[in-house]
Structures are given as structure tokens and as C-alpha cells.
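Notes follow the structure.
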């Protein structure tokens with residue numbers, strides 16, 4: 001399987017994406033994946049699967065595992081030289097075929113909270129910051145082994161994303177991409193201190209919540225009581241709000257100001 005999320009991928013992978021056939025926003029394609037297709041589960045092996053903070057958040061909640069344990073057990077990390085942010089990929093099992101650690105003969109064991117790149121397949125979604133916000137491009141991935149194109153439902157990219165419940169993933173990943181783009185545009189990768197803080201804030205939400213309390217962060221910001229309560233709530237909605245705030249907070253720490261945060 002080719003896993004593509006342009007906002008967090010390397011130059012090599014973005015170059016590869018550019019070689020794929022592009023599909024416009026109103027164009028339809030025929031694709032369905034289910035246990036009845038002869039290639040079922042074949043795409044869930046030998047992956048270079050990028051994990052965004054939102055992916056990690058959803059998987060940790062699904063598995064009822066602490067983020068540090070998840071990262072140690074299931075991910076590899078490298079530092080992006082242009083931004084200084086940690087880039088995480090999912091570890092494959094070290095056995096013949098290198099299957100995903102979450103695949104079984106019956107299919108994906110974390111299906112309801114599977115990563116965004118898995119949900120998007122067979123589409124690649126390229127994004128960049130434009131004058132009026134996020135600009136999207138779509139690319140169609142056709143691999144020789146895949147029979148998902150043989151029959152199925154015709155959908156546009158937007159209809160496919162809605163069908164695969166990708167909207168909250170894309171919303172969070174676009175916010176993450178914006179933060180990375182701002183740092184890249186500054187020409188100053190994060191130093192060691194900010195690298196450590198970004199990992200804590202974006203990938204370890206329980207520790208970030210402890211930091212919020214210890215540093216009394218809310219006391220220095222103009223936030224509604226409703227938002228404060230939700231950020232500290234241990235739930236999927238609360239985790240989403242906490243991650244959203246973490247990205248605002250990192251923007252404030254790095255640049256001294258943030259579009260959506262005001263100091264008191």
C-alpha cells in the first residue's frame with residue numbers, strides 16, 4: 001500500500017505523488033474495499049505509514065494505551081530537518097510480509113480509529129497553504145494487486161472522504177500542516193527545547209494537560225470557560241479540543257503570537 005499525506009511527507013514522497021494521475025474535485029472514481037475482494041488485507045503490509053498527532057490520539061484512545069507506550073511500541077521517529085518537528089511512522093511487524101500490527105485475517109482491528117492515510121486510500125491528498133486557506137489536490141493510487149477498482153460505488157473525492165469519516169482527520173491535519181508551514185517559512189527549525197515541547201504537546205496529551213495545570217497556562221490566555229473545560233476532559237471530544245489547543249499553544253510559543261489565542 002502507498003500511504004500518502006502530502007502535508008507531512010518528505011520531498012521524495014511529494015515528488016512520487018506528482019507522478020500519480022490527478023483527479024479533480026468533481027470527478028468520480030469507482031472503488032470499494034471489503035472482505036469479498038480477492039486482495040483483502042494485502043494492502044496492510046510493508047507500509048511506510050505516516051502518523052499525525054490526530055492519528056496517534058485516536059489510536060491511543062482506541063487501544064486504551066498511554067501515548068508514551070504507544071510511541072515506543074508502535075512507531076519510529078525521525079526529525080524533519082526543515083522544521084525540527086518529529087515525524088512518526090507506524091512500525092510493521094517483523095515477520096514474513098511485514099504486516100501492519102493492527103491487521104488480522106478478519107481485517108483491521110482498529111478500523112473505527114484507523115489512521116487518516118488508510119482512510120484516504122486509494123486517494124492521495126495534496127495540500128498547501130494558499131491566500132484564502134488550504135488548497136487541495138487529489139491523486140489516484142492504482143496498485144497492481146488492488147481489485148478495489150473492479151466494481152463498486154462511484155464517488156467524488158469529497159464523497160469518498162465523507163464515506164470514510166475523514167473530515168475530522170483532515171481538519172486536524174490541515175491545522176498541523178499550517179503550523180509546520182509557518183515554521184518552514186520562517187527558515188528557523190525548532191531548537192532542541194522547542195522540539196521537546198512540540199513532542200509533548202502534540203503527541204502526549206495527558207502530559208500536556210499536566211503542563212497546563214502546572215504552568216497555569218489558562219490564567220494567561222483569554223479562553224472561554226467552555227473551551228477550558230473541554231480541553232481538560234478525557235474523552236474523544238476533549239482530546240480533539242486539547243490537540244487543537246496544543247497547536248495554538250505551540251504557535252504562540254514559537255512566534256510570540258497565535259491567530260486564535262489572545263494573552264490576558
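Annotations
- Once the C-beta distance of residue 26 and residue 151 is scaled by a Förster radius of 25 Å, the resulting FRET efficiency is 0.65 to the nearest 0.05.
- Compared with the dominant principal axis of the Cα atoms in the chain, helix 192-203 is inclined by about 60°.
- Computed from label points 7 Å out along Cα-Cβ, the spacing between residue 80 and residue 232 is 3.2 nm.
- Take the convex hull of the alpha carbons in the chain; its mean projected area over all directions comes to 14.8 nm².
- What the pair-distance distribution of the stretch 127-222 shows, using all Cα-Cα distances binned every 5 Å from zero, is 2, 9, 12, 16, 15, 14, 11, 9, 6, 3, 2, 0 percent.
- When 136, 213 are sorted by how many other C-beta atoms sit within 10 angstrom of their C-beta, beginning with the fewest, the order is 213, 136.
- Over the chain: helical MRE at 222 nm, DSSP H runs n ≥ 4 each giving -39500 (n - 2.57), nearest 500: -12500 deg cm²/dmol
- 0 to 90° range, to nearest 10: angle between helix 167-186 axis and the chain longest Cα axis: 60
- Against the main long axis of the alpha-carbon atoms of the chain, helix 236-255 sits at an angle near 60°.
- Debye log10 I(q)/I(0) at q = 0.18, 0.21 Å⁻¹ for the stretch 201-244, Cα point scatterers: -0.46, -0.63
- Förster radius 22 Å - calculated FRET efficiency between residue 158 and residue 181 (Cβ-Cβ, nearest 0.05): 0.45
- For the stretch 35-127, a Kirkwood radius taken over Cα pairs fed into Stokes-Einstein (20 °C, viscosity 1.002 mPa s) yields D = 150 µm²/s.
Just so you know, all these numbers are worked out from the coordinates, no wet-lab data involved. Just so you know, these numbers come straight off a predicted model, no measurement behind them. Here the Cβ is made from the backbone with ideal geometry for all residues, glycine too, and neighbour counts use every protein chain on show.
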